[in-house]
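The values are calculated or read from the model by the stated rules, or taken from the named source; none is laboratory data. Source: prediction; values computed, not measured. Counting neighbours? That spans all protein chains shown, and the Cβs are built from the backbone with ideal geometry, glycine included.
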Amino acid sequence: MKKKKFYIALAVSALIAVACRSDKSPWIWKIEGKSTTLKQLDEAYSGFGVLMKDQLQQRMGRFIPEEEFHQLLEDPDRSGNPQLAEMFKSLGKDLFAEQYKDMLVLNIEAQKDGFAKRPDVKAKLAFLEKYFLANMYLFDQLKLQDIKISDAEAYAAWQDAKSKDARLRTVPVDQGLEMIKGQMVMKAAMEKQQTLMKQATQKYRIETNKEFDIKEHVKKTREDARKKREAAATAPTGSDTLKK
């Protein structure tokens, strides 16, 4: 089977902090004499896992407990689903290691070429660092593992879902209960998120510039862009001018 590559954007570097201190784990490779150890790879892989777990949850439409996620990474076949097993095998640490090595090389290139010092690049990296930090912190505060859905609650919700969608009636009960529990956890998480955000924002004094309306600004920008596009479409070309 052809190995599936995951091209990891440089943005991931905002998510991972590779330890510079020495450790006793074996080194895997050296780039220009600088070693990358198994411990450093593990730290990077944990950051990669945050991104992949979030994407998987959106794709599967349910919350995946941390323990289950790690078990599937270590033993993909335990899922009992061939397609899911292959997907988790493609997320293996061995395949990630090659992509991580490529990322390190590109980071060196970006530094040498002065790319990392460009104002636009620095601005994007600053945003990505804030984005990942905020989302990781929020996820940690949500403590999804503490949201418990009883079998009775799940069964009642599953019966209600089947009554509204005939397609669900062919789904085995165990799969249905697992799916509905995941959906109920995600719904509870969204409600908890709203509460956490409300509590957090109330702690700080946030002022809005009443002389600048961001919605009007965006509206005007789009209107200007539309007029410019329409003007360009109706403007005579050089060949039209020669014909006249």
- prompt: outside the structural domain of residue 135 (by TED's automatic domain parsing) and either free of Cβ contacts under 8 Å to residues at least 40 places away in the same chain or assigned to a loop (DSSP other than H, G, I, E, B) (or both), is that true of residue 220?
  reply: yes
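Have a look at 162, 181 and point out the one that is outside the structural domain of residue 65 (by TED's automatic domain parsing) and either without any contact (Cβ under 8 Å) to a residue 24 or more places away in the chain or in contact with a strand residue (DSSP E or B) (Cβ under 8 Å, 6 or more places away or on another chain) (or both).
Details: 181 fails: either without any contact (Cβ under 8 Å) to a residue 24 or more places away in the chain or in contact with a strand residue (DSSP E or B) (Cβ under 8 Å, 6 or more places away or on another chain) (or both).
Checking each option against the conditions leaves just 162.
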From the option list 125, 168, 138, single residue qualifying as in contact (Cβ under 8 Å) with a residue 40 or more places away in the chain and either farther than 25 Å from residue 69 by Cβ or exposed (fewer than 12 other Cβ atoms within 10 Å of the Cβ) (or both) is 125
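Results for (1) outside any helix (DSSP H, G or I); (2) among the charged types (D, E, K, R); (3) out of contact with any Asp or Glu (no Cβ under 9 Å at 6 or more places or on another chain), shown as yes or no for each residue.
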residue	(1), (2), (3)
148	yes, yes, yes
154	no, no, no
158	no, no, yes
161	no, no, yes
167	no, yes, yes
177	no, no, no
183	no, no, yes
187	no, yes, yes
193	no, no, yes
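Would you confirm, using the coordinates I've provided, whether residue 128 is closer than 22 Å to residue 49 by Cβ, at pLDDT 90 or above and touching a helix residue (DSSP H, G or I) at 6+ places or on another chain (Cβ under 9 Å)? I'd like the intermediate steps shown before the answer.
Working: closer than 22 Å to residue 49 by Cβ: yes; at pLDDT 90 or above: yes; touching a helix residue (DSSP H, G or I) at 6+ places or on another chain (Cβ under 9 Å): yes.
Yes: the conditions hold for residue 128.
Can you find, within region 55-89, the residue that is modelled with the highest pLDDT among those that are of a type in the set (S, T, N, Q) and surrounded by fewer than 16 Cβ atoms within 10 Å (Cβ to Cβ)?
If we filter region 55-89 for residues that are of a type in the set (S, T, N, Q), which is where we start, we get 55, 57-58, 71, 79, 81, 83.
With the extra rule that they be surrounded by fewer than 16 Cβ atoms within 10 Å (Cβ to Cβ), the set shrinks to 55, 58, 71, 81, 83.
On the way: 55: 78, 58: 73, 71: 89, 81: 83, 83: 86.
Ranking the candidates gives 71 first.
Based on this model, can you work out whether residue 157 counts as surrounded by 11 or more Cβ atoms within 10 Å (Cβ to Cβ), more than 17 Å from residue 68 (Cα to Cα) and in contact with a Phe, Trp or Tyr (Cβ under 9 Å, 6 or more places away or on another chain)? Break it down into steps so the answer makes sense when it comes.
Numbers: surrounded by 11 or more Cβ atoms within 10 Å (Cβ to Cβ): yes; more than 17 Å from residue 68 (Cα to Cα): yes; in contact with a Phe, Trp or Tyr (Cβ under 9 Å, 6 or more places away or on another chain): no.
Criteria not met by residue 157.
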Subset of region 112-121, residues surrounded by 11 or more Cβ atoms within 10 Å (Cβ to Cβ), part of a helix (DSSP H, G or I) and modelled with pLDDT of 95 or more, comes to 115, 121
